[in-house]
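The values are calculated or read from the model by the stated rules, or taken from the named source; none is laboratory data. Quick caveat, the model's predicted, so the values are computed rather than measured. FYI the Cβ positions are ideal-geometry reconstructions off the backbone, even for glycines, and counts take in every protein chain you see.
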Amino acid sequence: MNSGNLKDQRIYTIDLLRGIIMVIMALDHARDFIHYDAFMHDPLDVQTTHLSLYLTRWVTHFCAPIFIFLSGLSIYLQGMRKSKSALSSFLFKRGMWLIFVELFVMGFLWSFQFSYPIFILQVIWAIGISMVFMAALIYLPYMVLLLIGSLIVCFHNALDGIDYTHHGFFWDLIHNGHFAFYPLGEGRNLMIVYPFVPWLGVMILGYCAGKLYAADVSNDWRRKFLLLKGTGLILFFFVLRWLNIYGDPVPWADQPNPVEDFFSFFNVNKYPPSLLYLCITIGPGLIFLSLMDSINYTEGKRKNWMHVFSIYGSVPFFYYILHFYILHIIASILYFTRGHLWSEPITQPNGPPFAFSAPGEGYSLQTVYVVWILVVIALYPACKWFSQYRKRHSYWWLGYL
């Protein structure tokens, strides 16, 4: 069966998956701002975690890789209706805009100070700089791009053994990252969380996956391919992780009990994203796309839960900025209700680089879940309004939001 006119279906399916991971993402950020143990211990540390905390953190591993993969896929879909030169120009400008947002819009969020004491290079930065590179890479032949993306994702872990302490800023920026801290002078600092080259590889592979949605690809073939590829990535994860020979810088180890074995086995590296981390997160995403592929927009609107998630997924940038600011404002209010004074330093010694946050203070995991759900619900009307506004208008600046 020919794919025919799948424009609405494709966009709906992508928005649906993106919306689900955007909602899950807010859980991790609610934990960062609200939980009493945030920034005290790694929630995936076998020695200090427990099952509910581990799963709360681990489920959010799906967010960044699937989001960046879908960003690449969306670039390919845009290329189906734009010339190469127009797409390249848009990618370069939007990439630079996202880097600006990471530095100055998100930069203000962390400190609530226009002196910008801390810049943190996170996912918005990774997407932005990857788009800048994609502005040039889209001119390459499809198979060359597929090869480049595959080589980056599959073999960047071969560089893990390099002693990064002798390579400094550049190495942290392209490969190591992992919360590397650099003073910039005049009371300003830079933290590199997302080294961009591995994430560029993910975006390239997402772009290549966009070819599955070309007009000459049948529905059935696309669904089967996505299902087989997703299943294959998951199986590959289990085999390679069990062998413990490659694919993640931290090998798993036998633990005293099955629960801790589980913790160790699935504790794969996100900073930078290891091959195994990407397999076990993107694989289920591909299976989801396969299973949801037959649902079109009209059917989705009748299934209320799907329509709700697709609204969030249709305005990801808008949602991302708003949810971060709302969570930090809530955390700041709670900070003062615990007895802190305005006269105190904005950031606490040995604490996280966030304004109005103190190490060891906060609330239970149950409270985190309540705040998360309330924030997501509160964002729905604004996201729905903005989604409808974008559909009714074609202003050029809407493409950057």
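Scanning segment 264-278 for residues that are farther than 16 Å from THR60 by Cα and either under 17 Å from the mean Cα position of the chain (by Cα) or assigned to a loop (DSSP other than H, G, I, E, B) (or both) returns a single hit, LEU275. For segment 359-389, the set of residues classified as among the polar types (S, T, N, Q) and crowded, with 17+ Cβ neighbours inside 10 Å consists of SER387 only. Of all the residues in segment 238-259, those that are over 20 Å from PRO273 (Cβ atoms) and among the β-branched types (Val, Ile, Thr) number 1.
Residues in segment 132-145 that are in contact (Cβ under 8 Å) with a residue 12 or more places away in the chain and out of contact with any Ser or Thr (no Cβ under 8 Å at 6 or more places or on another chain): VAL132, PHE133, MET134, LEU137, TYR142, LEU145. Are any residues in segment 220-263 within 23 Å of LEU53 (Cβ to Cβ) and in a helix (DSSP H, G or I), and if so, which ones? Of everything in segment 220-263, those that are within 23 Å of LEU53 (Cβ to Cβ) and in a helix (DSSP H, G or I) turn out to be PHE237, ARG241, PRO258, VAL259, GLU260, ASP261, PHE262, PHE263.
Conditions (1) hydrophobic (A, V, I, L, M, F, W, C); (2) touching a Gly at 6+ places or on another chain (Cβ under 7 Å); (3) farther than 23 Å from LEU146 by Cβ; (4) touching a residue at least 40 places away in the same chain (Cβ under 8 Å), marked per residue:
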residue	(1), (2), (3), (4)
TYR12	no, yes, yes, yes
MET22	yes, yes, yes, yes
PHE33	yes, no, yes, yes
ARG57	no, no, yes, no
LEU87	yes, yes, no, yes
ILE99	yes, yes, yes, no
GLY107	no, no, yes, no
SER111	no, no, yes, yes
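All of (1) farther than 30 Å from MET106 by Cα; (2) assigned to a helix (DSSP H, G or I); (3) among the β-branched types (Val, Ile, Thr) hold for THR281 with one exception: (1). For segment 234-251, indicate whether the set of residues that are on the phi < 0 side of the Ramachandran plot and of a type in the set (Gly, Ala, Ser) is non-empty. No, segment 234-251 contains no residue that is on the phi < 0 side of the Ramachandran plot and of a type in the set (Gly, Ala, Ser).
Considering ALA378, ALA382, the condition of being modelled with pLDDT of 85 or more, outside any loop (DSSP other than H, G, I, E, B), of a type in the set (Gly, Ala, Ser) and closer than 23 Å to VAL59 by Cα is satisfied by ALA378 alone. Being within 26 Å of PHE356 (Cβ to Cβ), surrounded by fewer than 22 Cβ atoms within 10 Å (Cβ to Cβ), touching a Phe, Trp or Tyr at 6+ places or on another chain (Cβ under 6 Å) and modelled with pLDDT of 95 or more holds for only one residue in LEU103, LEU53, and it is LEU103.
Return yes or no: is ILE162 more than 20 Å from GLN78 (Cα to Cα) and of a type in the set (Val, Ile, Thr)? Answer is yes for this residue. Looking at the structure I just gave you, is ILE118 in contact (Cβ under 8 Å) with a residue 12 or more places away in the chain and touching a strand residue (DSSP E or B) at 6+ places or on another chain (Cβ under 9 Å)? Judged against the criteria, ILE118 is a match. Answer yes or no as to whether TRP97 is of a type outside the set (A, V, I, L, M), at pLDDT below 95 and not in a loop (DSSP other than H, G, I, E, B). Answer is no for this residue. Please state which of the following conditions VAL308 fails to meet, knowing it meets all the rest: (1) part of a helix (DSSP H, G or I); (2) modelled with pLDDT of 95 or more. Every condition holds for VAL308 apart from (2). Among residues of segment 335-358 being hydroxyl-bearing (Ser, Thr, Tyr) and without any contact (Cβ under 8 Å) to a residue 12 or more places away in the chain, the one that is surrounded by the fewest Cβ atoms within 10 Å (Cβ to Cβ) is SER343. Looking at LEU243, LEU184, just one residue is surrounded by fewer than 16 Cβ atoms within 10 Å (Cβ to Cβ) and at pLDDT below 95, and that residue is LEU184. Close contacts from segment 146-168, counting a first residue that is within 17 Å of HIS178 (Cα to Cα) and surrounded by 12 or more Cβ atoms within 10 Å (Cβ to Cβ) and a second that is acidic (Asp, Glu) and modelled with pLDDT of 95 or more, with Cβ to Cβ under 9 Å and a gap of 6+ residues or different chains, come to ASN157/ASP248; ASP160/ASP248.
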